[in-house]
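J.: Next up is a structure, given as structure tokens.
Since every read-out is calculated from the coordinates, none of them should be taken as a lab result. Keep in mind the model is a prediction, meaning the values are calculated, not measured. All Cβ positions, even for glycine, are placed from backbone atoms using ideal geometry, and neighbour counts span all protein chains on display.
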Amino acid sequence: MMSTPDLVVDLTRLGVGAVTTFLAILLWSNTRDTAWMFIVMGTILRYGEIMYTTFRLFGIAPAVQGSFMGLPLGSIVQLILSNLPTALYATGFIIMLARSRIR
């Protein structure tokens, strides 16, 4: 059973993540800028990671079974969901830096 502070933290992450993702989707529909597209995709994937972690915590999403190259698939999925958004943010920042250096 979760303690009340843990529940508050998780519900806050869900709420703030939902608002941020909604705003990112609104931005996505208004921009065609490549750098911003990567930032938006990273935000959406970050919320996906929050949802997946919360569902796993509450037992809604079952643990991924199996292994790949000796590593449990559940750990690989968590690793990808945790790090891919940051990689997408970095890609967007690199694109913006490259643009500013060209001028």
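J.: Could you grab me the full set of residues in segment 9-53 that are farther than 21 Å from LEU79 by Cα and not hydrophobic (A, V, I, L, M, F, W, C)?
T.: The answer is THR12, GLY15, THR20, SER29, ASN30, THR31, ARG32, ASP33, THR34.
J.: Which residues, taken from segment 28-47, are free of Cβ contacts under 8 Å to residues at least 60 places away in the same chain and exposed (fewer than 15 other Cβ atoms within 10 Å of the Cβ)?
T.: SER29, ASN30, THR31, ARG32
J.: Does ARG13 count as over 14 Å from the mean Cα position of the chain (by Cα), part of a helix (DSSP H, G or I) and over 27 Å from ALA98 (Cβ atoms)? Walk me through it before giving the result.
T.: Working: over 14 Å from the mean Cα position of the chain (by Cα): no; part of a helix (DSSP H, G or I): yes; over 27 Å from ALA98 (Cβ atoms): yes.
No: the conditions fail for ARG13.
J.: Just a yes or no: is a residue in segment 72-90 outside any helix (DSSP H, G or I) and not aromatic (Phe, Trp, Tyr)? If you could, list the steps in order and put the result at the bottom.
T.: Residues of segment 72-90 outside any helix (DSSP H, G or I): 72.
Within this subset, residues satisfying the condition of being not aromatic (Phe, Trp, Tyr) are 72.
The answer is yes; a qualifying residue exists.
J.: Now for a different question. Name the one entry in ILE50, ILE80, ILE102, ILE95 that is over 30 Å from LEU11 (Cβ atoms) and either surrounded by 12 or more Cβ atoms within 10 Å (Cβ to Cβ) or in contact (Cβ under 8 Å) with a residue 40 or more places away in the chain (or both). Before you say what the answer is, go through the steps one by one.
T.: Values: ILE50 fails: over 30 Å from LEU11 (Cβ atoms); ILE80 fails: over 30 Å from LEU11 (Cβ atoms); ILE102 fails: either surrounded by 12 or more Cβ atoms within 10 Å (Cβ to Cβ) or in contact (Cβ under 8 Å) with a residue 40 or more places away in the chain (or both).
Within the list ILE50, ILE80, ILE102, ILE95, the selection yields ILE95.
J.: Select from segment 1-24 the residues that are out of contact with any helix residue (DSSP H, G or I) (no Cβ under 7 Å at 6 or more places or on another chain) and β-branched (Val, Ile, Thr) and write down the one among them that is surrounded by the fewest Cβ atoms within 10 Å (Cβ to Cβ).
T.: THR4
J.: Exactly one of (1) touching a Gly at 6+ places or on another chain (Cβ under 6 Å); (2) outside any helix (DSSP H, G or I) is unmet by ILE39. Its number?
T.: Among (1) touching a Gly at 6+ places or on another chain (Cβ under 6 Å); (2) outside any helix (DSSP H, G or I), the lone unmet condition for ILE39 is (2).
J.: Could we say that ILE94 is hydrophobic (A, V, I, L, M, F, W, C) and within 16 Å of the chain's Cα centre (by Cα) here?
T.: No, not satisfied.
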